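Participant: Below is the structure I would like to discuss, written out as structure tokens.
The values are calculated or read from the model by the stated rules, or taken from the named source; none is laboratory data. Remember, predicted model here, so these are calculated numbers, not experimental data. Because the Cβ atoms are built from the backbone with ideal geometry, glycine has one as well, and the counts that use them run over all protein chains shown.
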Amino acid sequence: MVWPIDLAVLTLVVMVAIGSLMVKDLLGAAILFGAYSFMMCLLWTVMGAVDVAFTEASVGAGVSTVFFVGAVFRTSRRTRD
Amino acid sequence: MKIIGLIVAVLTGGLLVYAAEDFPAWSDPASPASTYLSPHFIEKTIEETSVPNIVTAVLADYRGFDTMFETTVIFSAGVAVFLLLRTSGPKTQQTRLYRHQLTGVTLRIKEGADLPPSDNFERIDRFWTPHDLIIKTVCRLLIPFIQLFGLYVIAHGHHSPGGGFQGGVILGASIILLAISHDLRTAVKRVAEKMDAVLCAIGVLIYAGTGALCLLLGLNFLDYKALAPVLHVDSIMARSHGILIVEIGVGIAVMFTMIWIYNNVSSGGKYNQGL
Amino acid sequence: MADIVSTVVANYNYWIYITLMMIGLYAIIAKNNLVKKIVGMNIFQTAIILFYVSIGVKKGATIPILEHAHGGHGYGVVHAAEYANPLPHVLMLTAIVVGVATLGVALALAIRVYNEYNTLEEDEILAQIREE
């Protein structure tokens, strides 16, 4: 638990979250959401929750990104907001 | 709608900031969450279960009932995706396309006609693209090691971070990688749809069955001490082994649910080429 | 100066969790695209997980895996202050995996809606429903 890293990663997390909601392409949103999950994983490692970080790395950054990409592939990439 | 959303979000945020004044300071060892129940878990886990990873012990032993129903939720999510996408939807696919792998000739076969008699034909879809040989080969080499790591994560969850949930997801991801690098039909040939459905039910059944076995042997539901005479160990080691059995059940359920959901979502329930 | 830094450090985790929750809530209500709504739902969920994990942190504590425990019963007395609080970790570990399963259901619903109306935009779907 090192607080400068914690503060820096927390700020980055908010920026990536806003980015994944602002981007005008659903595939881009899916990939940015994967980056967001990975930052969260980093954050939880810093806080000492290794089991949660491991789960997030395999589930959030891995499988859920694949689910998003699969769903976008089956529907459309187009979005207006 | 945007303005209403903004107002609601800002109001909620303001209320929460107001409430955050009363939270204990971050990383305070004397905060209420860290004083009542958790010291008991930290200090007694190794005596009572001989599992060094406290998270695993609490997950599968002290809060085993909770985890059992979490596994059931995952199983029902898999069934829900199946019911949403697989059971209904437009039945198109009048003609089938078969590609001869050696020459690249593609045949179009009408519905009801016979399949080509050779083994060299593979079924393809309208949006078929040639696969990259490098990606296919690298993934083929990588998948066994990913699966080995997944098994290690399940089996070594007592001593290091990991357990049934993480290992199950990693094992499922190895099959998903096969489906991405080749195509969905290749993966479904190895892990059939029926196998997904049966094995995610079996995973939940292993968990619940362990609990029921404890009940039959005369103790409470999911009280692994009851397994001691069956496993020929003392009651502390019986709890450790009980956790392992339960984690294997969780791993099987999670692995096959992930594959099942991926198959349905990436092909829209049609089980064609997929991503 | 040191006073301000300690105040910020003590509260920054909570502020960020509130910010992420506001972002997620706004996305669920105001975004027009269904997949964007699902992304917002997941951000909301991660904010709650961040809150729980923040509660479990203890100053000067290590990860909740006991040290020198491999040799069986040859270890000393375990002090609770030396290890992070494992209880929020357990609750959130299962919540993440359940979250990805519900994400699958949400995406399956979005695919069904797309098959029916050929669009993912909420206002276009509502317009089509009114026409019928």
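Participant: Across region A:1-43, what is the number of residues that are more than 25 Å from C:K37 (Cβ to Cβ) and within 12 Å of chain B (Cβ to nearest Cβ)?
Facilitator: 5
Participant: Name every residue in region A:54-64 that is more than 8 Å from chain B (Cβ to nearest Cβ) and not hydroxyl-bearing (S, T, Y), in order of residue number.
Facilitator: Within region A:54-64, A:E56, A:A57, A:G60, A:A61 meet the criteria.
Participant: Scan A:G70, A:G60 and give me the residue that is at pLDDT below 90, in a helix (DSSP H, G or I) and surrounded by 24 or more Cβ atoms within 10 Å (Cβ to Cβ).
Facilitator: The conditions single out A:G60.
Participant: B:A201 is checked against (1) in contact (Cβ under 8 Å) with a residue 40 or more places away in the chain; (2) under 17 Å from A:T55 (Cβ atoms); (3) of a type in the set (A, V, I, L, M, F, W, C) and fails just one. What number does that condition carry?
Facilitator: Failing condition for B:A201: (2).
Participant: Considering only residues that are surrounded by fewer than 24 Cβ atoms within 10 Å (Cβ to Cβ), among the aliphatic types (A, V, I, L, M) and closer than 21 Å to A:V66 by Cα, which ones fall in region B:126-170?
Facilitator: Listed by number, the residues that qualify are B:I134, B:I135, B:V138, B:L141, B:L142, B:I143, B:I146.
Participant: Report whether or not B:I109 is of a type in the set (A, V, I, L, M) and over 21 Å from the mean Cα position of the chain (by Cα).
Facilitator: For B:I109, the condition - of a type in the set (A, V, I, L, M) and over 21 Å from the mean Cα position of the chain (by Cα) - is met.
Participant: Within region B:258-275, take every residue that is crowded, with 18+ Cβ neighbours inside 10 Å and aromatic (F, W, Y) and give me the one that is nearest to the other protein chains (Cβ to nearest Cβ).
Facilitator: Taking the candidates together, the pick is B:Y262.
Participant: In region B:34-72, how many are polar (S, T, N, Q), buried (at least 20 other Cβ atoms within 10 Å of the Cβ) and part of a helix (DSSP H, G or I)?
Facilitator: 7
Participant: Against the definition (under 14 Å from the mean Cα position of the chain (by Cα) and within 14 Å of chain B (Cβ to nearest Cβ)), how does A:F67 come out, yes or no?
Facilitator: yes
Participant: Would region B:115-131 turn up any residue that is acidic (D, E) and either within 14 Å of chain A (Cβ to nearest Cβ) or under 21 Å from B:F256 (Cβ atoms) (or both)?
Facilitator: Yes, region B:115-131 contains at least one residue that is acidic (D, E) and either within 14 Å of chain A (Cβ to nearest Cβ) or under 21 Å from B:F256 (Cβ atoms) (or both).
Participant: Can you give me the number of residues within region B:209-227 that are among the β-branched types (V, I, T) and either touching a residue at least 60 places away in the same chain (Cβ under 8 Å) or surrounded by fewer than 18 Cβ atoms within 10 Å (Cβ to Cβ) (or both)?
Facilitator: 0
Each row is one residue, and each column tells you yes or no for (1) out of contact with any Ser or Thr (no Cβ under 6 Å at 6 or more places or on another chain); (2) assigned to a helix (DSSP H, G or I); (3) of a type in the set (G, A, S); (4) surrounded by fewer than 24 Cβ atoms within 10 Å (Cβ to Cβ).
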site: A:V9; (1), (2), (3), (4): yes, yes, no, yes
site: A:L12; (1), (2), (3), (4): yes, yes, no, yes
site: A:M15; (1), (2), (3), (4): yes, yes, no, yes
site: A:G28; (1), (2), (3), (4): yes, yes, yes, yes
site: A:L32; (1), (2), (3), (4): no, yes, no, yes
site: A:M39; (1), (2), (3), (4): yes, yes, no, yes
site: A:L42; (1), (2), (3), (4): yes, yes, no, yes
site: A:T45; (1), (2), (3), (4): yes, yes, no, yes
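Participant: On the basis of being outside the structural domain of B:V254 (by TED's automatic domain parsing), modelled with pLDDT under 95 and surrounded by 16 or more Cβ atoms within 10 Å (Cβ to Cβ), does B:D183 make the cut?
Facilitator: no
Participant: May I pose another question? Residues in region C:1-36 that are of a type outside the set (S, T, N, Q), within 24 Å of B:I7 (Cα to Cα) and surrounded by fewer than 20 Cβ atoms within 10 Å (Cβ to Cβ): how many?
Facilitator: 4
Participant: Which number in (1) among the hydroxyl-bearing types (S, T, Y); (2) outside any helix (DSSP H, G or I); (3) within 30 Å of B:P29 (Cα to Cα) marks the one condition that C:Y52 misses?
Facilitator: (2)
Participant: I would also like to ask the following. Looking only at region B:235-257, decide whether some residue is without any contact (Cβ under 8 Å) to a residue 12 or more places away in the chain, more than 17 Å from B:A212 (Cβ to Cβ) and surrounded by fewer than 20 Cβ atoms within 10 Å (Cβ to Cβ).
Facilitator: Yes, because at least one residue in region B:235-257 is without any contact (Cβ under 8 Å) to a residue 12 or more places away in the chain, more than 17 Å from B:A212 (Cβ to Cβ) and surrounded by fewer than 20 Cβ atoms within 10 Å (Cβ to Cβ).
Participant: Could you say whether any residue in region B:129-141 is assigned to a loop (DSSP other than H, G, I, E, B), under 23 Å from B:I175 (Cβ atoms) and either acidic (D, E) or at pLDDT 80 or above (or both)?
Facilitator: For region B:129-141, residues assigned to a loop (DSSP other than H, G, I, E, B), under 23 Å from B:I175 (Cβ atoms) and either acidic (D, E) or at pLDDT 80 or above (or both): present.
Participant: Is at least one residue of region C:73-81 outside any strand (DSSP E or B) and in contact (Cβ under 8 Å) with a residue 24 or more places away in the chain?
Facilitator: No.
Participant: Read through the list (1) more than 7 Å from every other protein chain (Cβ to nearest Cβ); (2) in contact with a helix residue (DSSP H, G or I) (Cβ under 9 Å, 6 or more places away or on another chain); (3) of a type outside the set (S, T, Y); (4) surrounded by fewer than 21 Cβ atoms within 10 Å (Cβ to Cβ), then give the number of the only condition that C:L109 fails.
Facilitator: If we test C:L109 against (1) more than 7 Å from every other protein chain (Cβ to nearest Cβ); (2) in contact with a helix residue (DSSP H, G or I) (Cβ under 9 Å, 6 or more places away or on another chain); (3) of a type outside the set (S, T, Y); (4) surrounded by fewer than 21 Cβ atoms within 10 Å (Cβ to Cβ), just (1) comes out false.
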